[in-house]
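Q: I have a structure I would like to understand better, so I am pasting it below and will then ask my questions one at a time.
The values are calculated or read from the model by the stated rules, or taken from the named source; none is laboratory data. This structure is a prediction, so every number in the text was calculated from the model and none was measured. A quick note on method: Cβ atoms are made from the backbone with ideal geometry, for glycine too, and the neighbour counts reach across all protein chains shown. What goes into the accessible areas is simple: the full protein's heavy atoms, side chains included, and nothing from ligands, DNA or RNA. Shrake-Rupley method; radii C 1.70, N 1.55, O 1.52, S 1.80 Å.
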Amino acid sequence: MSEPDAASAGAKPTPSNLVMRVLAALVLAPLAIALAYAGGWLWALLVTLVSIGLFAEWLMVVGAGSAALTGAGTIVIAMMGACVAFGALKTAIITGLIGGAIVTLIARGKFIWAATGFAYASAALLASILVRQDLVNGFAALMFVLLVVWATDIGGYFAGRSIGGPKLWPRVSPKKTWSGAVGGFAASLLVAAGFAACGIGKAVPLLLVSAILSVVSQAGDLFESAVKRRFGVKDSSHLIPGHGGLMDRLDGFVAAILMAWIIGFLRHGVHSAGSGLMVW
């Protein structure tokens, strides 16, 4: 979720900015859904490129965006994406561990922040691909996570603007409100109800999972806000018109997809995480 989205109040974007945000969403959302449906190397390619972008933006936010560090991380993340896309998960993990050590050494004085950013981008990469790789329920699980995050985002935005009220965590994100947080949470439950009504999963487990993912998504949003506030940065970049950067747009999704994979992995194993999330 981006900074002015879920759980925000008093955020009155100008009409032109709001139009840019809507237009960007109308272009990017169908593209993401189409590639998610295609799966395979197309989805893996998109996720790899996005993960590289997340790492590069993280380095810029924390003031460690040197060419050597960005280049090293880009190469390692690209190798990891290629490995996991073609079934070499162990090789991808080994590559990530070695590459993470190299990134940490190159970062020198910023090694903690660089290592955290590398882990952040790598987790997004692996979880996003592995959830989709479930041949039976991968697409349904991925769409469930995406829609829960989007519903949390949109519901929080409109509830925060229309209701307002006490701030959620003003020191970290002064625009977010409790009403927005509750509104986003409630909207996420509608996604679960919709899936259950369509016969995709059982209502009670999906409601529970959507509740967890919504809370985790909002926590991911606050985490990114805290990092940006720590370094005095408003937007991670200006890559997406009206939304800021990839970190601004995907902070909630990164947290949610990682939690979704963990839930699925604990129930059905590494390669059937989609089924573990959706089949109860």
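Q: Go through segment 65-74 residue by residue and turn each phi into a ³J(HN,Hα) via Karplus (6.51, -1.76, 1.60, θ = phi - 60°); whole Hz please, and just put x for glycine and proline.
A: For segment 65-74, the Karplus-derived couplings read x, 6, 4, 5, 5, 5, x, 4, x, 4 Hz, x marking Gly and Pro.
Q: When the chain is treated as a GNM, springs tying every alpha-carbon pair under 10 Å, which of 250, 54, 239 comes out with the largest mean-square fluctuation?
A: Maximum among the listed residues: 239.
Q: Lysine pairs in the chain 8 or more apart or on different chains: how many have alpha carbons under 25 angstrom apart?
A: 15
Q: Across segment 171-187, in residue order, what do the Karplus-derived ³J(HN,Hα) couplings come to in whole Hz, using 6.51 cos²θ - 1.76 cosθ + 1.60 with θ = phi - 60° and x for Gly and Pro?
A: Working through the residues one at a time gives 5, 9, 9, x, 8, 7, 10, 5, 5, x, 4, 5, x, x, 4, 5, 5 Hz.
Q: Who wins for biggest fluctuation among 228, 90, 167 in a Gaussian network model of the chain, springs between alpha carbons below 10 Å?
A: Sorting by GNM fluctuation, first place goes to 90.
Q: Please identify the chymotrypsin sites (Phe, Trp or Tyr not before Pro) of segment 16-118 that satisfy two criteria: DSSP loop assignment and at most 15 other Cβ atoms within 10 Å. Which are they?
A: Working: sites: 37, 41, 43, 55, 58, 86, 111, 113, 118; in loops: 86.
Answer in residue order: 86.
Q: Long-range amide H contacts for residue 168: which residues qualify at under 5 Å (H placed 1.01 Å from N, peptide plane, sequence gap of 5 or more or a different chain)?
A: Distant-sequence amide H within range of residue 168: 176, 177, 178.
Q: Between residue 31 and residue 280, what is the label-to-label distance in nm when each label sits 7 Å out along the Cα-to-Cβ direction?
A: 3.5
Q: Another question, if that's okay. Expressed as a whole percentage, what fraction of the accessible surface of segment 157-280 belongs to carbon and sulfur atoms when a 1.4 Å probe is rolled over the protein heavy atoms?
A: Numbers: 4110 of 5600 Å².
Exposed carbon and sulfur together represent 73 percent of the surface.
Q: With a 1.4 Å probe and every protein chain left in place, work out the accessible area per residue of the chain in Å², rounded to a whole number.
A: 44
Q: While we're here: How big is the C-alpha Rg of the chain next to the rule-of-thumb value 2.2 N^0.38 Å, as a ratio?
A: Here the answer is 0.97, to two decimals.
Q: From the square roots a ≥ b ≥ c of the eigenvalues of the alpha-carbon gyration tensor of segment 25-180, which class results: rounded (a/c under 1.5), prolate (a/b over b/c), or oblate? Don't skip to the end; give the middle numbers.
A: Numbers: a/c = 2.51, a/b = 1.22, b/c = 2.07.
It is oblate, given that a/c is not under 1.5 and a/b is not larger than b/c.
Q: Where is the GNM fluctuation largest for the chain (alpha-carbon springs, 10 angstrom cutoff): 148, 136, 254?
A: With Cα springs under 10 Å in the chain, the top fluctuation among 148, 136, 254 is at 136.
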